Structures are given as C-alpha cells and as structure tokens.
1. For the stretch 1-114, give me every one of the helices (runs of 4 or more DSSP H) that falls completely inside it and has 3 or more residues that are modelled with pLDDT under 95 and either in contact with a Gly (Cβ under 6 Å, 6 or more places away or on another chain) or farther than 30 Å from ASN226 by Cα (or both).
2. Look at the stretch 142-156 and say how many of its residues are under 21 Å from TYR21 (Cα atoms), of a type in the set (Val, Ile, Thr) and outside any strand (DSSP E or B).
3. Mind checking which residues of the stretch 111-125 are touching a strand residue (DSSP E or B) at 6+ places or on another chain (Cβ under 7 Å), over 15 Å from LEU166 (Cα atoms) and polar (S, T, N, Q)?
4. Yes or no: the stretch 220-241 includes at least one residue that is surrounded by 15 or more Cβ atoms within 10 Å (Cβ to Cβ), more than 17 Å from the chain's Cα centre (by Cα), without any contact (Cβ under 8 Å) to a residue 12 or more places away in the chain and closer than 18 Å to LEU164 by Cβ.
5. Give me the residue from the stretch 105-119 that is surrounded by 14 or more Cβ atoms within 10 Å (Cβ to Cβ) and of a type outside the set (Ser, Thr, Tyr) and, out of that set, farthest from the chain's Cα centre (by Cα).
6. Can you pull out the residues in the stretch 161-200 that are among the charged types (D, E, K, R), in contact (Cβ under 8 Å) with a residue 40 or more places away in the chain and out of contact with any helix residue (DSSP H, G or I) (no Cβ under 6 Å at 6 or more places or on another chain)?
7. Condition test on LEU55, is it under 26 Å from ASP153 (Cβ atoms) and touching a Ser or Thr at 6+ places or on another chain (Cβ under 8 Å)?
8. Scan the stretch 76-85 for residues that are more than 14 Å from PHE30 (Cα to Cα) and without any contact (Cβ under 8 Å) to a residue 40 or more places away in the chain and jot them down.
Amino acid sequence: MGGMVEMKYAVLGSGSSANAYIFENGAFSFLIDNGFSMKEVMNRAKAFRFDIRKLKFIMLTHTHQDHCRGVGRLSRKLKIPVVMHQDLSRSEADKISPFSRLDVVPGKEYSFDTLTFVPFLTSHDAPYSIGFYFAIGGTRFTLLTDTGVIPEDAGSFIMRSDVLFLETNYDEDMLANGPYPPYLKKRIASREGHLSNESALTFLESLDKTKGPSTVYLCHLSDTNNSVKILEEMVKNSHAQKTRKIIICHKGEALEGKNE
C-alpha cells in the first residue's frame, strides 16, 4: 500500500501588483489567478516544489490585470482551460485569450478529480467577479479578495472552511491621507472596491469562536495604502487572533501554506 497523498498549497504572490495561489493533491493541481509572467509563476511554484505540469486548470476571480495578466499565456502553454463566470463576455475573455474556457455559475457545486468547488459572487468593479469555496485533500478553503463588502454567501462558506484567504487591502487612515485623487479613494472605499483592515478584522471578530477557519491569511495589501506594521498591530489588538491563526501575506512575497 502507498503512503497518504499530501495536499499542499501556497500563496505565490499577493498584493497590488500580482496575485496567484496554487493547490496540489497528488498528481492534480490548479491555480487561482495569475498576475505573474509565465517564467515568474513557474519559478515561484518550483521554489515550493510544485510541479507546474500537474496543473489541470486555472480559476479566474476577475479580469483586473493583477489577477489575470499571466493567465492566458500559461493556459495556452499547458493547454489547460480557464474557469470563469459563465456571463463573462467573449470580449472580456479575449483579453486573456485562454486555451479554452470552462464556464461556471455562482452557487452551483462542481467536481473535478479530488476537488469540489462552488463559485460565489463578490462585490467588485470588474465584470462578474467571483470568489471560491472549495475542498481538496480533506481541507476546506474560502478565497475572498477584491470585494468591497463580504457577501452573505461568502460568510456561510467561510463558516464551513478550515482555511480563509481574506482581503485586507487598505488602512482607512492611510487611504484618506494618502496621495490618491479623491475619485480613486472613493472607488477603493466603495461597496465595489476593496476591504479595509478594519472591515476584515471586524468581520473575523464577529465569527463564532468555536466554528469557522482555524487559519486565516490576510491578503492583497495595497502598496500605497497599507502597511504590514500597521496591520500587525491591529491583528495583535484583535480578539480574532485569540481563536485563529492569522498570517499576513507580505506584499509580493510567496508563502508556503500551513493550516492548523
């Protein structure tokens, strides 16, 4: 009899510039988003001993460049499909130019190999933006970034998850006093913008302390409007860190996944 198959994952990069997440279980793996060049994402995956040739598809949350810049080329190189919202127009998909596309409907469950997943709508100013709840290798995940509010569907999936990737894009004071023009500040802080540190941590504090994710990755920190030091201090003073392991994804850095 063979040994147990190891499920592993990594944040290959998170922040304003480029985002990508990889998950692997045995001979099967997949990416969520890829804002990196093909060479860079392959190097980052290799650094954590992921074999990029095992990729079966790429899940796409939305079509902003920091999430989709490298999706099409990698899809074509490996001849693998891109999973995207069924209503994403051909013109939007053509910007990515995937090898092929697999259309999904928010709220519907899908299965592939050892993976089951459910896409859900997010609140962001890119057409048909989605997040994902999924289970692979006995671990349940929710990925929720690039949203101005936390959708009700996402909240219910989060409570069923072991691991949560949650956006902490900006510090409210840094955004208000920062260099961005008023229209851009308004866009970021809107319901179709991004989650602030304050909003994300308030949400985590509101969760049932005996349920939900044991590990939380705080992701997608803005280069201009956030600071790891500020967020670390906020986490330290938050009740959420008393019941969950909270890990801050530094801007641009890769991070090997660990769940408690």
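The values are calculated or read from the model by the stated rules, or taken from the named source; none is laboratory data. In this text the structure is predicted, and so the values were computed from the model without any measurement. Using ideal geometry, Cβ is built from the backbone for each residue, glycine included, and neighbour counts are taken over all protein chains shown.
1. On the way: elements: 38-47, 65-68, 71-78, 90-96.
Passing ranges, in order: 90-96.
2. The qualifying residues number 3.
3. The answer is THR114, THR116.
4. For the stretch 220-241, residues surrounded by 15 or more Cβ atoms within 10 Å (Cβ to Cβ), more than 17 Å from the chain's Cα centre (by Cα), without any contact (Cβ under 8 Å) to a residue 12 or more places away in the chain and closer than 18 Å to LEU164 by Cβ: present.
5. Filtering the stretch 105-119 down to residues surrounded by 14 or more Cβ atoms within 10 Å (Cβ to Cβ) leaves 106, 110, 112, 114-119.
Filter once more, keeping what is of a type outside the set (Ser, Thr, Tyr): 106, 112, 115, 117-119.
Values: PRO106: 16, PHE112: 19, LEU115: 17, PHE117: 14, VAL118: 14, PRO119: 12 Å.
Among residues in the stretch 105-119 that are surrounded by 14 or more Cβ atoms within 10 Å (Cβ to Cβ) and of a type outside the set (Ser, Thr, Tyr), the one farthest from the chain's Cα centre (by Cα) is PHE112.
6. Within the stretch 161-200, the first condition is being among the charged types (D, E, K, R), and the residues that meet it are 162, 167, 171-173, 185-187, 191-192, 198.
Next, only the ones that are in contact (Cβ under 8 Å) with a residue 40 or more places away in the chain stay: 162, 167, 171, 187, 191-192.
The answer is ASP162, GLU167, ARG187, ARG191, GLU192.
7. no
8. Scanning the stretch 76-85 gives ARG76, LYS77.
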